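Colleague: Dumping the structure here so I can ask a few things about it.
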Amino acid sequence: MIWNPNKECMSRDEMSALQGKRLHKIVEYVYHNVPFYRNKLQELDIRPDDIQTIEDITKLPFTTKKDLRDNYPFGLQAAPQSEIIRIHASSGTTGNPTIVGYTRKDIGVWSECMARCLTAYGVTRNDIFSVSYGYGLFTGGLGAHNGVETLGAAVVPASTGNTEKHLKLIRDLGITGIACTPSYALYLAETMDKMGITRDQIKLRVGAFGAEPWTEDMRKEIQERLGLKGYNLYGLSEIMGPSVSYECQQQCGSHINEDHFYPEIINPTTLEPLPHGQVGELVFTTLTKEGMPLLRYRTRDLSSLMTGQCECGRTSVRMTPIAGRSDDMLIIRGINVFPSQVESVVLSMKEFAPRYMLIIDRVNNLDTLQVQVELRQEYFTEHFDTPAAIADLEKRLAGKLKSVLSIAAKVQLKAPNTIERSQGKSAHVIDKRKL
């Protein structure tokens with residue numbers, strides 16, 4: 001199923017022409033309405049008429065998270081305040097939050113893009129869909145909510161928390177779809193087990209998971225325990241919110257709504273554009289946004305782009321799963337380490353639950369890495385009741401981690417349900433170093 005075939009199935013020539021027209025229009029818009037961009041463009045001796053095709057995008061300056069913070073709260077807002085009907089703020093940042101204003105047209109575009117995502121997952125008007133992202137300043141809850149309503153399905157605004165009541169509703173209402181973080185989906189599965197609710201008592205079939213990185217192993221875990229098919233949902237508040245890209249039922253990369261969000265991949269060090277297929281930093285330009293348009297915004301997410309028509313019929317550029325973040329990358333003893341690498345190793349071993357924590361410290365001027373990981377209940381009670389068994393498993397995990405990370409890690413096994421849970425974005429790193 002395709003929500004908007006006119007846009008999702010455009011030929012590349014048609015899409016490029018549309019993107020070029022929209023890029024020229026948005027550059028002209030910010031030039032006249034955002035002093036920050038006007039000054040930037042004038043410094044580069046660029047005028048709006050210099051931008052005529054989408055290929056001209058490389059002439060434009062980048063925008064960073066620091067630019068947004070430095071212009072807090074409304075310095076990058078292009079629309080007059082009287083046209084702003086909603087304000088969100090980004091989560092998980094230090095210092096000033098990122099304030100993002102939306103016009104009525106922005107909310108309409110956002111809702112339509114989210115309806116595209118849900119349709120690609122197989123959601124229809126006959127579904128009952130629980131939105132279990134947080135509602136409020138975070139864009140996840142209201143962003144997904146508006147998309148479900150635009151599609152015409154019934155939305156249950158569950159948000160996070162009160163998980164036992166939520167599971168009762170999932171069972172009693174026959175809820176068929178859910179949008180939440182992957183870690184919260186696993187928390188739901190754990191709570192189901194505690195409540196004695198089994199897979200055959202619920203009707204979940206579609207999961208829209210995003211807002212934090214997750215691996216294929218984690219996907220399999222969620223699907224098996226909740227009895228649904230899990231799809232990736234990508235977005236960020238600075239660009240719009242959830243709906244920037246989405247998997248279809250082929251699950252071969254995530255389709256980007258590129259008529260609204262133009263993607264690039266750059267080398268995060270040199271800032272030079274990289275060809276399709278190479279991994280680098282993902283950059284987006286908003287082509288239609290009115291409230292706070294952004295030119296070449298550096299997401300810090302590491303990905304690559306795929307072209308070619310998908311078997312689903314969509315022709316849009318696809319992005320590969322996020323491999324990590326250029327600014328969340330850990331450098332330990334000179335080695336680049338991503339938490340997702342550790343997660344892949346942990347979930348490749350049947351003894352472990354998908355719960356782990358990385359603790360980095362510096363002792364005698366040497367970086368240390370400890371990986372704490374939970375045992376599954378069945379293995380904890382049946383197999384690992386002796387110090388020798390635990391030591392053997394710690395040694396096996398440490399060996400696998402070293403082969404992947406290229407550095408040694410001290411492994412500490414934890415009893416089930418002892419690593420702190422999160423009902424929002426999960427945190428997997430504690431860095432105690434004074435860097």
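Colleague: Taking residue 430, is it in contact with a Lys or Arg (Cβ under 7 Å, 6 or more places away or on another chain), aliphatic (A, V, I, L, M) and either within 30 Å of residue 180 (Cβ to Cβ) or not in a helix (DSSP H, G or I) (or both)?
Modeller: Judged against the criteria, residue 430 is not a match.
Colleague: Moving on. Which residue, of 289, 229, is open to solvent by less than 50 Å² (accessible area, probe 1.4 Å), under 26 Å from residue 5 (Cα atoms), among the basic types (Lys, Arg) and at pLDDT 95 or above?
Modeller: That would be 289, the only listed residue that is open to solvent by less than 50 Å² (accessible area, probe 1.4 Å), under 26 Å from residue 5 (Cα atoms), among the basic types (Lys, Arg) and at pLDDT 95 or above.
Colleague: Could you run through region 126-137 and say how many residues are surrounded by fewer than 22 Cβ atoms within 10 Å (Cβ to Cβ) and either under 14 Å from the mean Cα position of the chain (by Cα) or among the β-branched types (Val, Ile, Thr) (or both)?
Modeller: Of the residues in region 126-137, 1 are surrounded by fewer than 22 Cβ atoms within 10 Å (Cβ to Cβ) and either under 14 Å from the mean Cα position of the chain (by Cα) or among the β-branched types (Val, Ile, Thr) (or both).
Colleague: Ok, one more. Could you check how many residues of region 26-45 are in contact with a helix residue (DSSP H, G or I) (Cβ under 6 Å, 6 or more places away or on another chain) and either assigned to a loop (DSSP other than H, G, I, E, B) or open to solvent by 10 Å² or more (accessible area, probe 1.4 Å) (or both)?
Modeller: 3
Colleague: Additional query: Consider region 354-372. How many of its residues are at pLDDT below 90 and not in a loop (DSSP other than H, G, I, E, B)?
Modeller: Number satisfying all stated conditions: 5.
Colleague: Counting only residues that are part of a helix (DSSP H, G or I) and among the β-branched types (Val, Ile, Thr), which one in region 46-79 is surrounded by the fewest Cβ atoms within 10 Å (Cβ to Cβ)?
Modeller: Within region 46-79, the match that is surrounded by the fewest Cβ atoms within 10 Å (Cβ to Cβ) is 58.
A quick yes/no check of all residues on (1) within 22 Å of residue 138 (Cβ to Cβ); (2) out of contact with any helix residue (DSSP H, G or I) (no Cβ under 6 Å at 6 or more places or on another chain); (3) modelled with pLDDT of 95 or more; (4) aliphatic (A, V, I, L, M):
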site	(1), (2), (3), (4)
19	no, no, yes, no
55	no, yes, yes, no
85	yes, no, yes, yes
88	yes, no, yes, no
97	yes, yes, no, no
107	yes, yes, yes, yes
116	yes, yes, yes, no
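Colleague: How many residues, within region 1-25, are within 26 Å of the chain's Cα centre (by Cα), of a type outside the set (Val, Ile, Thr) and outside any helix (DSSP H, G or I)?
Modeller: The qualifying residues number 5.
Colleague: What strands (runs of 3 or more DSSP E) completely inside region 229-279 contain at least 1 residues that are of a type in the set (A, V, I, L, M) and over 11 Å from the mean Cα position of the chain (by Cα)?
Modeller: In region 229-279, the matching strands (runs of 3 or more DSSP E) lie at 254-256, 261-266.
Colleague: With 242, 273 as the choices, which residue is open to solvent by 10 Å² or more (accessible area, probe 1.4 Å), modelled with pLDDT of 95 or more and over 24 Å from residue 147 (Cα atoms)?
Modeller: None of the others qualify; the one that does is 273.
Colleague: Could you tell me whether residue 223 is assigned to a helix (DSSP H, G or I) and surrounded by fewer than 17 Cβ atoms within 10 Å (Cβ to Cβ)?
Modeller: yes
Colleague: Additional query: Considering (1) at pLDDT 95 or above; (2) surrounded by 18 or more Cβ atoms within 10 Å (Cβ to Cβ), say which one residue 14 fails and leave the rest.
Modeller: Every listed condition holds for residue 14 apart from (2).
Colleague: Give region 153-186 a look and list any residue that's among the polar types (S, T, N, Q) and open to solvent by less than 20 Å² (accessible area, probe 1.4 Å), or say none.
Modeller: Those that are among the polar types (S, T, N, Q) and open to solvent by less than 20 Å² (accessible area, probe 1.4 Å): 163, 181, 183.
Colleague: Further, regarding this structure: Being free of Cβ contacts under 8 Å to residues at least 12 places away in the same chain and more than 30 Å from residue 101 (Cβ to Cβ) narrows it down to one of 191, 198, so name that one.
Modeller: The conditions single out 198.
Colleague: Within region 112-122, is even one residue surrounded by 23 or more Cβ atoms within 10 Å (Cβ to Cβ), assigned to a loop (DSSP other than H, G, I, E, B) and more than 18 Å from the chain's Cα centre (by Cα)?
Modeller: No, there is no match, as no residue in region 112-122 is surrounded by 23 or more Cβ atoms within 10 Å (Cβ to Cβ), assigned to a loop (DSSP other than H, G, I, E, B) and more than 18 Å from the chain's Cα centre (by Cα).
Colleague: Now for a different question. Enumerate the pairs (first residue in region 408-424 and hydrophobic (A, V, I, L, M, F, W, C); second residue anywhere and modelled with pLDDT under 90 and open to solvent by less than 50 Å² (accessible area, probe 1.4 Å)) with beta-carbon separation below 8 Å, excluding pairs fewer than 6 apart on the same chain, so at least 6 apart or on different chains.
Modeller: Pairs that qualify, where the first residue is hydrophobic (A, V, I, L, M, F, W, C) and the partner is modelled with pLDDT under 90 and open to solvent by less than 50 Å² (accessible area, probe 1.4 Å), are 413/384.
Colleague: Okay, next question. Report the residue count in region 191-210 for those that are farther than 15 Å from residue 175 by Cα, open to solvent by 30 Å² or more (accessible area, probe 1.4 Å) and in contact with a Leu (Cβ under 8 Å, 6 or more places away or on another chain).
Modeller: Final tally of qualifying residues: 1.
The values are calculated or read from the model by the stated rules, or taken from the named source; none is laboratory data. Everything numeric here is computed off the predicted structure, so don't read it as measured data. So basically every Cβ, Gly included, is an ideal-geometry build from the backbone, and we count neighbours across all protein chains shown. Note: areas computed on protein heavy atoms with side chains; ligands, DNA, RNA excluded. Shrake-Rupley method; radii C 1.70, N 1.55, O 1.52, S 1.80 Å.
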